[in-house]
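Just so it is clear, none of the values below were taken in a lab; they were calculated from the coordinates. All values reported here derive from a predicted model rather than from experimental measurement. Counting neighbours? That spans all protein chains shown, and the Cβs are built from the backbone with ideal geometry, glycine included.
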Amino acid sequence: LNKQEITVTFIKANGEKIVAKGKVGDSLLDVVVNNEVDLEGFGACEGTLTCSTCHLIFKKEDYDSLPETPTDEELDMLDLAYELSDTSRLGCQIILSEKLDGLQVKVPATINDVRGT
Ligand code: FES
């Protein structure tokens, strides 16, 4: 039993909460895709760090406990996201660990697909 189920709650800008499940080792993008969470435009580049549509806003304490620090590539993409905050990360770069069970993340109101249309 090395694959524990992790619960993640996505909070949309309108306050709607979507509870989703993932496993240790999944990215938050995987969680959105696997649970068919209805977030318009989310994850447009499928985790290749060329969009910023997977921008999520973390609570400070969660942000501080995330295992990875953002790479320069992630920071460059985040710079292009709307509603950038001090606790913003790109969901496709966040890998679930047991510690993140019960995580709540905010989904920004506007998703910026920097690749254009
Ligand atoms: Fe495009 Fe994360 S899905 S940067």
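Points worth noting:
- Among the residues of the range 13-59, the ones that are among the β-branched types (Val, Ile, Thr), part of a loop (DSSP other than H, G, I, E, B) and more than 10 Å from the ligand (Cβ to nearest atom) come to 2 in all.
- Residue list for the range 60-77, restricted to those being surrounded by 10 or more Cβ atoms within 10 Å (Cβ to Cβ) and part of a helix (DSSP H, G or I): LYS60, ASP62, TYR63, SER65, GLU73, GLU74, LEU75, ASP76, MET77
- Residues being touching a helix residue (DSSP H, G or I) at 6+ places or on another chain (Cβ under 8 Å), farther than 19 Å from ARG115 by Cβ and either among the polar types (S, T, N, Q) or assigned to a helix (DSSP H, G or I) (or both) are represented in the range 1-10 by at least one member.
- Residue match in the range 21-28 (condition: touching a residue at least 24 places away in the same chain (Cβ under 8 Å), surrounded by fewer than 16 Cβ atoms within 10 Å (Cβ to Cβ) and charged (D, E, K, R)): yes
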